[in-house]
Amino acid sequence: MEPNDRLLTIEEVGSRLRLSKPTIYKLIRQGQFPKQLRLCANKVAWIEREVDEWIAARAAARVSG
């Protein structure tokens with residue numbers, strides 16, 4: 001993780017992707033989405049850069065596919 005990386009909540013990730021929480025967790029289980037960071041017992045977050053890279057990869061696949 002880079003020093004200036006921002007952390008996103010599940011709500012922020014869902015809002016960016018327009019996907020539900022269950023769909024996001026399903027993608028993680030399938031190895032198709034970046035794993036979350038466990039911050040404490042009841043709190044997780046995603047690294048914004050990894051989410052942005054995932055979105056960019058999906059867009060690139062659409063263009064080349």
Can you show me the helix-derived [θ] at 222 nm for the chain, built from DSSP H runs with n ≥ 4 at -39,500 (n - 2.57) apiece and divided by the number of residues, rounded to the nearest 500. -16000 deg cm²/dmol
Could you tell me which label, among [x] 123; [y] 99; [z] 66, carries the value of volume of the Cα convex hull per residue in Å³ calculated for this structure? [y]
Using Cα pairs under 8 angstrom and six or more residues apart, how large is the relative contact order of the chain, in percent? 36 percent
Cα-centred dipole magnitude for the chain, charges only on beta-carbon of K, R (+1) and D, E (-1), debye, nearest 20: 360 debye
Sticking with the crude label model, points 7 Å out along Cα→Cβ, report the distance from R6 to Y25 in nm, one decimal please. 2.6 nm
Quick one: if you stick a label point 7 Å off each Cα along the C-beta vector at K43 and A57, how many nm between them? 2.8 nm
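None of the figures in this text is laboratory data; all of them are computed from the coordinates on show. In this text the structure is predicted, and so the values were computed from the model without any measurement. A quick note on method: Cβ atoms are made from the backbone with ideal geometry, for glycine too, and the neighbour counts reach across all protein chains shown.
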